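The values are calculated or read from the model by the stated rules, or taken from the named source; none is laboratory data. Remember, predicted model here, so these are calculated numbers, not experimental data. Every residue, glycine among them, receives a Cβ derived from its backbone with ideal geometry; neighbour counts consider all protein chains shown.
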Amino acid sequence: MTADDPATADIRDSVRALCTRFPGAYWRELDRSRGYPTQFVAELTAAGFLAALIPEEYGGSGLGLSAAAAVLEEIHASGGNGGACHAQMYMMGTLLRHGSGAQKRSWLPQIARGEIRLQAFGVTEPSSGSDTLALRTTAVPDGDHYIINGQKIWTSRAEHSDLMLLLARTTPADQVKKRTEGLSVLLIDMREALGRGLTIRPIRTMMNHSTTEVFFENLRVPSGALVGEPGRGFHYILDGMNAERTLIAAECVGDGRWFIEKAAAYARERRVFGRPIGQNQGIQFPISRAYAAVRAAALAVSHAAQRFESGARIGEEANIAKLLASEASWQAAEACVQTFGGFAFAEEYDVERKFREARLYQVAPVSTNLILAYIAEHVLQMPRSY
Ligand SMILES: Cc1cc2nc3c(=O)[nH]c(=O)nc-3n(C[C@H](O)[C@H](O)[C@H](O)COP(=O)(O)OP(=O)(O)OC[C@H]3O[C@@H](n4cnc5c(N)ncnc54)[C@H](O)[C@@H]3O)c2cc1C
């Protein structure tokens, strides 16, 4: 199963060519040791793919979200995983739209050259979970600095990043009219912060994801770390989150393609009762159904990405793309496991690894229930359920 979008055909070919140097055995070994794919990320960076969204004037390729989505989709369709490095792409949405000229001049060329990694997105907290507006981490102005205190959880790639985009409360919740006010985005230089108020603790998970919890204890950061205006952070982060949902949806489409390709190939070859198992409709139909779902999800992703490129707020499109794609990839994962039978559970086929990896996306970066609640409230104008 291949993608048929002519606008991104070249970039897809190049990513696929790079990925052939990182076969299943590479990802399997890292999965066993919970290692970071350093070499893969280095080659992806050197080839310029991670700088796809950085404007040319800052040394990037100046491409849009569709191209970034194509890169991540192809990584996943090739059997790899973009989770180690995708955040740089989705956080660009916030930085490019709301960062100052000075911030862009100072960080973007270094990010484009691969000298600086922008991979940590600090939003979720242990006590507030999906209720982002209830977050408790504070950034209190102190002269020309902010003092940060609090805790984040699931801050993925924190150990492999130089910068963190952090959402923190700068005005106490009881002093703002709306809960969406009083939050600010800060771009933290983690190299300066580590050991001086910032502590990182890794969390071992079901799949290889390099995620962590981070603790802030009187961390002082210069006020130049503030992105945009104070108090408007939640609105800024929404752009990043919509880009994130679209890009993760593209990864799900890639996973779906991988599962379907594997399942169909195995169904054609595996002979039981004297004929290929793929001759049975009980095997064919779940794969065909998953294929249709993945194709439909791919259209939703491409629509969301194009609307984002036109400057639109894409809450509806990004959420729908993420919902459909995460469910389609899981449907494909199920069909693949059932098709492989017992061999699905053997490490060497990569099916069980991809199965564990694919499960995440109905929970993170936003869980399915919260997407359904968003559609009910913001698109269909039903009463808020929570
Ligand atoms: C591997 C991994 C990597 C992650 N990486 C990052 C990262 O880099 N940065 C970051 O900030 N966060 C990250 N996250 C966090 C992720 O975004 C959250 O896990 C996700 O948003 C869900 O929040 P929660 O885990 O606190 O679940 P909770 O909010 O506790 O929800 C638990 C369950 O209850 C349901 N639920 C809650 N409220 C309602 C309601 N009102 N109506 C219906 N159902 C409801 C949810 O849908 C969910 O199924 C990551 C998480 C994981 C697991």
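Determine the pairs where a residue that is farther than 12 Å from Ser66 by Cα, located within the stretch 299-315, has a partner that is part of a helix (DSSP H, G or I) and of a type in the set (A, V, I, L, M) with Cβ atoms under 8 Å apart, the partner being 6 or more residues away or on another chain.
Between residues of the stretch 299-315 that are farther than 12 Å from Ser66 by Cα and residues that are part of a helix (DSSP H, G or I) and of a type in the set (A, V, I, L, M), the close pairs are Arg313/Leu238; Ile314/Ala304; Gly315/Leu238.
Which one of these does Ala243 not meet: (1) out of contact with any Pro (no Cβ under 7 Å at 6 or more places or on another chain); (2) modelled with pLDDT of 95 or more?
(2)
Just to verify a result, which residue in the stretch 131-160, among those that are surrounded by 20 or more Cβ atoms within 10 Å (Cβ to Cβ) and outside any loop (DSSP other than H, G, I, E, B), is farthest from the ligand (Cβ to nearest atom)?
Taking the candidates together, the pick is Tyr146.
Given the conditions (1) at pLDDT below 95; (2) surrounded by fewer than 21 Cβ atoms within 10 Å (Cβ to Cβ); (3) of a type outside the set (Gly, Ala, Ser), which single one is not true for Met89?
(2) is the only condition that Met89 fails.
What is the number of the single condition among (1) of a type in the set (D, E, K, R); (2) under 30 Å from Ala17 (Cβ atoms); (3) within 13 Å of the ligand (Cβ to nearest atom) that Glu125 does not meet?
Among (1) of a type in the set (D, E, K, R); (2) under 30 Å from Ala17 (Cβ atoms); (3) within 13 Å of the ligand (Cβ to nearest atom), the lone unmet condition for Glu125 is (2).
Name every residue in the stretch 365-375 that is more than 10 Å from the ligand (Cβ to nearest atom) and either without any contact (Cβ under 8 Å) to a residue 24 or more places away in the chain or aliphatic (A, V, I, L, M) (or both), in order of residue number.
The answer is Ile375, and nothing else.
Within the stretch 101-121, which residues are small (Gly, Ala, Ser), touching a residue at least 40 places away in the same chain (Cβ under 8 Å) and closer than 22 Å to Gly233 by Cβ?
Result: Ala102, Ala120.
Six or more apart or on different chains, Cβ under 8 Å: which pairs go from a residue in the stretch 342-364 that's free of Cβ contacts under 8 Å to residues at least 40 places away in the same chain and outside the structural domain of Thr124 (by TED's automatic domain parsing) to one that's assigned to a helix (DSSP H, G or I) and of a type in the set (Asp, Glu)? Could you list them?
Ala344/Glu352; Phe345/Glu352; Ala346/Glu352; Gln362/Glu327
Among the numbered criteria (1) crowded, with 20+ Cβ neighbours inside 10 Å; (2) more than 28 Å from Ser156 (Cα to Cα); (3) among the polar types (S, T, N, Q), which one does Ser302 miss?
(2)
Scan the stretch 166-220 for residues that are within 15 Å of the ligand (Cβ to nearest atom) and closer than 25 Å to Leu30 by Cβ and report the count.
Going through the stretch 166-220 one residue at a time, the tally reaches 16.
Taking the stretch 91-122 as the region of interest, how many residues are hydroxyl-bearing (Ser, Thr, Tyr) and away from the ligand (no atom under 15 Å from the Cβ)?
2
Select, from Phe340, Phe355, the only residue that is within 16 Å of the ligand (Cβ to nearest atom), over 16 Å from the mean Cα position of the chain (by Cα) and within 24 Å of Asn208 (Cβ to Cβ).
Testing whether each residue is within 16 Å of the ligand (Cβ to nearest atom), over 16 Å from the mean Cα position of the chain (by Cα) and within 24 Å of Asn208 (Cβ to Cβ) leaves just Phe355.
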